[in-house]
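No lab work stands behind these numbers, since they all come straight from the coordinates. Model, not experiment: these values are computed from the prediction. Heads up, the Cβs are rebuilt from the backbone with ideal geometry, glycines too, and the neighbour counts pull from every protein chain shown.
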């Protein structure tokens, strides 16, 4: 017995790429077939491929970033081949553990930019069903391999373009894009695309590089060739495997494209897309630490001045580990 390539509760939420929500897909020999047109979308190296290009990507950033992650699948599965090990790692992360607890049970989750699928696999706990999408076949190949080796039935993966998702609108309870949109050619536009896939009343979590704290990474990038990889806090304190360390270094310091963003910028994007602000990780105000055990609790976004002060303080905290912050909201319409 093998785990289904796409879980039964996820397949009805997919559509043929570039078509309307009535273009249903079904499993077929060697791929996915459009029920209405009969067009077959074949598996590529065992990965369902529903990728459609973005005509407005004039600088070809999508293809450049894709090539980078084909050579540098992130994060590495080295030493995490058993599902139990991955679960232990997930519970050891404050963010992942809190996210799973806040999501609860029996939810349908879309992870946009899942990489090698570690978070998607973790979030299938609690009888959740997860679809992880990415543009890198190398990363998705590792995700599918882990799924097969561990017989994980509630997580599925497919190759897609965030700007041209083969996913029906209003389909998922939760949409996550953690550390991804800043590698696209237009993070603001990418958010507007993925928001459509969450149900009204559903939740969206967006993680981005912070425009204040990321300055430290930029400074280290100018010195890493001289000082070596141990200039990086994560490599120095947390990664002991040389291969995993190199993957981290490549992702942080040699990525071909990234953009930096502020809390206020994301709040403006939320307003444009009818998303009400709920929370931020790390919290914007120190008093919000009391609600840290509920990521979806409604918190105070503070004033513009308070947000600037908070982001300046991140130069001494999250700047050590990549400067990633997550903003959480609820789609209103």
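Within the range 204-320, the ratio Rg/Rh, alpha carbon atoms throughout and Rh by Kirkwood, equals 1.02.
Round to the nearest 10 and give me the degree value, 0 to 90, for the angle of helix 61-71's Cα axis relative to the longest principal axis of the chain. Roughly 90 degrees, rounded to the nearest 10. Peptides 55-64, 252-261, 216-225, 151-160 ranked from most to least packed, by the mean per-residue count of other Cβ atoms within 10 Å: 151-160, 252-261, 216-225, 55-64.
Normalising by the residue count of the range 69-172, find the relative contact order in percent from Cα pairs under 8 Å and 6+ residues apart. Contact order relative to length: 28 percent. Normalised Debye scattering of the chain at q = 0.06, 0.07, 0.08 Å⁻¹ gives log10 I(q)/I(0) of -0.20, -0.27, -0.35, counting only Cα atoms as equal scatterers and leaving out solvent. The packing ranking, built from the mean of other Cβ atoms within 10 Å per residue, places the peptides 104-114, 36-46 in the order 104-114, 36-46, highest first. Using only alpha-carbon positions in the range 137-248, the gyration tensor eigenvalues give semi-axes of 31, 21, 12 Å once each is multiplied by 5 and square-rooted (largest first).
For the chain, the 222 nm mean residue ellipticity estimated from helices alone, with every DSSP H stretch of n ≥ 4 adding -39500 (n - 2.57) and the total spread over all residues, rounds to -9500 deg cm²/dmol.
Over the range 1-96, the hull volume per residue, using the convex hull of the C-alpha atoms, is 179 Å³.
Between 54, 93, 262, the residue with the greatest mean-square fluctuation in the GNM of the chain (Cα pairs under 10 Å linked by springs) is 93. If you split all Cα-Cα distances of the range 36-171 into 5 Å bins from zero, what percentages do you get per bin, shortest first? Whole-percent P(r) values from 0 Å outward: 2, 10, 18, 22, 19, 14, 9, 4, 1, 0.
Packing, taken as the mean count of other beta carbons within 10 Å per residue, orders the peptides 298-304, 116-122 from highest to lowest as 116-122, 298-304.
Over all pairs of different C-alpha atoms, the range 145-205 has a mean inverse distance whose reciprocal, the Kirkwood radius, equals 12.9 Å.
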